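Asks: So that we are looking at the same thing, I have put the structure below in structure tokens.
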């Protein structure tokens, strides 16, 4: 299953409901990676930029636009780390 987050409209969709191809064709950014990589990013063990550089996550989008979002996403991840979560 793949999750799609529409940040502009504050909605979340599941690939089970709308299909993975709809997500891929209608998305400005498609970020893929394995669970362990995202776990390490969310826990603060690696940064999103390092994950990108080391090809641990792949992004299908305008790379310049993605790099501009690295700082805000890093701040969001830092805030999310404060929430107690079980993985």
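The values are calculated or read from the model by the stated rules, or taken from the named source; none is laboratory data. Note that the structure is a prediction, hence the values are computed from the model and not measured. Here the Cβ is made from the backbone with ideal geometry for all residues, glycine too, and neighbour counts use every protein chain on show.
Asks: Among the residues of the range 8-33 satisfying the criterion of being surrounded by 10 or more Cβ atoms within 10 Å (Cβ to Cβ) and assigned to a loop (DSSP other than H, G, I, E, B), which is modelled with the lowest pLDDT?
Replies: 19
Asks: Within the range 49-72, is even one residue more than 24 Å from residue 9 (Cβ to Cβ), part of a loop (DSSP other than H, G, I, E, B), in contact with a helix residue (DSSP H, G or I) (Cβ under 9 Å, 6 or more places away or on another chain) and in contact (Cβ under 8 Å) with a residue 24 or more places away in the chain?
Replies: No, that holds for no residue.
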